[in-house]
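Here the structure is laid out as structure tokens; the discussion comes afterwards.
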Amino acid sequence: MDLHEFRKNAHQLVDRMADYLSEIESYPVKSKVSPGEILAGLPSLPPASAEPFQNIMHDFEKIIMPGITHWQHPSWHGYFTANNSFPSILAEMLTATLGAQCMSWMTSPAATELEQRMMEWLQNMYGLPDLFSGVIQDTASTATLCAMLSAREKYSDFKVNHSGLYHEKIFTVYCSAEAHSSVEKAVKIAGFGSQNLRKIAVNGNFAMIPEELERTIREDIRSGYVPLLVVAAFGTTGSTAIDPLEKITEIATRFKIWVHVDAAWAGTALILPENQHYSARMADVDSIVINPHKWMFTNFDCSAYFVKDREALIRTFEILPEYLKTPVDQRVNNYRDWGIQLGRRFRALKLWFVIRTFGVEGLRKKINDHITWAKELANEIEQHPGFELLAPADFAVVCFRYHPDSLDNEQELNRLNAALLEKINQTGKMFLSHTSLAGKYTLRFVVGQTNTEQKHVKQAWELIQQLTDDRL
């Protein structure tokens, strides 16, 4: 493909992209293909000679598109959203065109300094104290691992990086029973072992019980363990419960334990002034992660990681071979030393495009609308005799189940709601996901996709009622 062909194909592709976004509601939200169907349509061997772009696009439409589950559909209400938006897509096109490897200031001055400024903007938008330094990681899973490794090195006086864990006492890590699975994965990767992760009991609202945290810490100390880090959730994955940050940090401070806040999805709600009393409570934590790629309309991946002790972070990851040294190293941020990856994408560009295009007020309006519509839905569910809420709808996630009056057997209710979820998703008109709360099969309804409107929430609720009226 030469430059002339690239220009022609690129124009056609942009038209196809715009058509897709304008027609997206005509697609079934969940792909209807069966396992192995896409694989069967792909040749087992690569082509020996060049193929024209038109042939590739033909196969894209015929083979690939049927296997796409449409996360950008306005009736996407599953998991947490992984959003994009027009400005973010355009920025990603530029990022791909520039093809910059942004590991250091020298390899891309604009990427480095824009990232620094974007993290300052986000810190201001979230109302976080000026105690933190920020860096863009790929995902919250990576950010949590970075926090764990930094805590490990800081509290071992950086001995583990040098000598390994073999001569250290056993570190313990704490999180709620509702914490994201990435915490357990990070514990494994960091070398602590999953048996040294303590999952603390939660209360009726699915938030960590601080008294149980302190009791477990004291018990570990008596047993010769070294309590290292506690992960507090600002919006758990299951129900968006908020762990009691003030009590947790007070306990952690007394025992000299690192506090990491997982605010991957719900943290975006901090841009609303009425929620920034939560931000003030984060002054005593050590690190925070919030994902703009979840609820701030920025293409995956873009995870904002804030850390109080930047020197501990850098010292944990910094390795400086001769071939990476530059004359300006002492005067700039080299973000390759702020995380795991050496190579880094130009993630700050799409964030810049999104914030400037929406403006802070525009972002606040969208987030506020999503929360308002979710609370309206929660109210409808609460008033319906055949449904029940299973958790408080603090932000824009509604946890509920179908519960007809005639049925009280929990196993049968779980089966009934699993069947309802399957029936909902098979319609192709919307997509939900589930979790388990206190042993109850729970439907999760997320309001947060970029182009979701109030009508989509109402239509979804009407469809759910219709499907239960048909008797499962």
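The values are calculated or read from the model by the stated rules, or taken from the named source; none is laboratory data. Everything numeric here is computed off the predicted structure, so don't read it as measured data. Here Cβ is always computed from backbone atoms with ideal geometry, including for glycine, and neighbour counts include all displayed protein chains.
Summary table below
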quantity	calculated
Leading residue by the ranking (surrounded by the most Cβ atoms within 10 Å (Cβ to Cβ)) among those in the stretch 382-406 that are part of a loop (DSSP other than H, G, I, E, B) and acidic (Asp, Glu)	Asp394
Cross-chain or 6+ apart pairs with Cβ under 9 Å, the stretch 16-36 first and touching a residue at least 24 places away in the same chain (Cβ under 8 Å), then of a type in the set (A, V, I, L, M, F, W, C) and in a loop (DSSP other than H, G, I, E, B)	Tyr27/Ile68; Val29/Trp71; Val29/Met430; Lys30/Met430; Ser31/Ile68
Unmet requirement for Asp301, which otherwise passes all of (1) outside the structural domain of Leu145 (by TED's automatic domain parsing); (2) of a type in the set (Asp, Glu); (3) not in a helix (DSSP H, G or I)	(1)
Residue among Lys8, Lys62, Lys32 that alone is modelled with pLDDT under 95 and either closer than 30 Å to Thr435 by Cα or of a type in the set (D, E, K, R) (or both)	Lys32
Residue among Phe400, Phe353, Phe306 that is closer than 30 Å to Asn414 by Cβ, of a type outside the set (Ser, Thr, Tyr) and at pLDDT 95 or above	Phe400
Hey, Asp337 among the acidic types (Asp, Glu), assigned by TED's automatic domain parsing to the domain that holds Ser156 and crowded, with 24+ Cβ neighbours inside 10 Å or not	no
Single match in Ile189, Ile221, Ile248 (criterion: surrounded by fewer than 24 Cβ atoms within 10 Å (Cβ to Cβ), farther than 22 Å from Ile340 by Cβ and in contact with a helix residue (DSSP H, G or I) (Cβ under 9 Å, 6 or more places away or on another chain))	Ile221
All positions within the stretch 34-54 that are more than 28 Å from Lys8 (Cα to Cα) and either part of a helix (DSSP H, G or I) or of a type in the set (A, V, I, L, M) (or both)	Glu37, Ile38, Leu39, Ala40, Leu45
Some residue of the stretch 387-397 being among the small types (Gly, Ala, Ser) and over 23 Å from the mean Cα position of the chain (by Cα)	no
Residue within the stretch 66-80 that is surrounded by 20 or more Cβ atoms within 10 Å (Cβ to Cβ), under 20 Å from the mean Cα position of the chain (by Cα), in a helix (DSSP H, G or I) and of a type in the set (Phe, Trp, Tyr) present	no
Residue count, the stretch 114-173 (criterion: basic (Lys, Arg) and closer than 20 Å to Arg336 by Cα)	3
Candidate set: the stretch 146-186, residues that are among the hydroxyl-bearing types (Ser, Thr, Tyr) and exposed (fewer than 14 other Cβ atoms within 10 Å of the Cβ); chosen: the one nearest to Leu229 (Cα to Cα)	Ser181
